[in-house]
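Enquirer: Just dropping this structure here.
The values are calculated or read from the model by the stated rules, or taken from the named source; none is laboratory data. Just so it is clear, the structure is predicted and the values come from calculations on it, not from any experiment. Counting neighbours? That spans all protein chains shown, and the Cβs are built from the backbone with ideal geometry, glycine included. Note: areas computed on protein heavy atoms with side chains; ligands, DNA, RNA excluded. Shrake-Rupley method; radii C 1.70, N 1.55, O 1.52, S 1.80 Å.
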Amino acid sequence: MSSTGSFKGFEKDILVYDFESTGFETEPKTGDIMAPGDPIQLGAVRLDKSSLEEKDHFLSLIKTEMPISPEAFKVHGIKDSDLITAPARSDVASQFIKQFEPDSLFLSSWNCYYDRTWLDITLTSIKRQASMYDYHILDIWVVAYVYLCQLGHPEIVRSEPTFQAFGQSDRSHHDALDDSRRTAEILRAVVFKKPL
């Protein structure tokens, strides 16, 4: 898909990234989320600032000592045993910033609140923070929701129904690279005004 119409492109390439995790730590009595758990998979796609075509991608498991919750396993299908030979968090962080230099990118994700938290956890392992990237962050959930509301669908809120509304197939399991690509496709659909 190429740049069309009035869209002239972004100032920088867009880095769409996603994490899978061990699951949320919750307060036993209320079920309130107390902590986001540990990141165990990081995926990302770099999109050209004008065409929004994928220029580069990244995918890695991340070692952790924290057990994966049964609820999280149902979402992504990653087992504790899958992480035995996974690279250390610091190695993943170093490779990530080496591959995706901060000065030339806007960060983007489906839900910036959690993904930014896990990115900070990951980068802290090498004494860096997500703030090394541009502080302007593109939250695709917000972009998609505004677009759907304009089309008369304020009831479509969660990721799965949103992806389906944009013509994407069902996910059997979440995967950080696949989810990054799905999120990128939503951005393209909105920017280039793809009809639903």
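Enquirer: Nearest-5 percent of antiparallel DSSP beta bridges in the chain?
Expert: Values: 17 of 24 bridges.
Beta bridges within the chain, antiparallel portion: roughly 70 percent.
Enquirer: As a test of the formula, what do you get for the chain when each DSSP H run with n ≥ 4 contributes -39,500 (n - 2.57) and the sum is divided by the residue count, at 222 nm and rounded to the nearest 500 deg cm²/dmol? Please list the in-between numbers first.
Expert: Numbers: 6 runs with 65 residues, N = 196.
-10000 deg cm²/dmol, from helical runs alone.
Enquirer: Share of the chain's accessible area from carbon and sulfur, percent, 1.4 Å?
Expert: Here it works out to 55 percent.
Enquirer: Follow-up question, since we're still on this one. What translational diffusion coefficient, to the nearest whole µm²/s, does the chain have by Stokes-Einstein, given a Kirkwood radius computed over alpha-carbon pairs, a temperature of 10 °C and 1.306 mPa s viscosity?
Expert: Working: Rh = 17.5 Å.
Value of D from the Cα-based Kirkwood radius: 91 µm²/s.
Enquirer: Moving on. Over 20 Å between C-alpha atoms is what I'm after, so list which of Lys63/Lys127; Lys12/Lys55; Lys12/Lys194; Lys55/Lys98; Lys49/Lys127; Lys8/Lys55 land there.
Expert: On the way: Lys63/Lys127 18 Å; Lys12/Lys55 13 Å; Lys12/Lys194 22 Å; Lys55/Lys98 15 Å; Lys49/Lys127 29 Å; Lys8/Lys55 18 Å.
Distance filter (> 20 Å) returns Lys12/Lys194; Lys49/Lys127.
Enquirer: Another one. How are the C-alpha pair distances of region 97-196 spread across 10 Å bins, as whole percents from the shortest bin up?
Expert: 14, 44, 29, 13, 1
Enquirer: Right, something else. Hey, can you find the accessible area per residue of the chain for me, probe 1.4 Å, expressed in square angstrom?
Expert: Working: 10130 Å² over 196 residues.
Solvent-accessible surface per residue comes out at 52 Å².
Enquirer: Using the Cβ atoms and a cut-off under 9 Å, what net charge is assigned to the surroundings of His174, where Lys and Arg are +1 and Asp and Glu are -1?
Expert: -4
Enquirer: Quick one: what Rg and Dmax do you get for region 72-151 from the alpha carbons, in Å?
Expert: My reading of the Cα-based Rg and Dmax gives 15.4, 47 Å.
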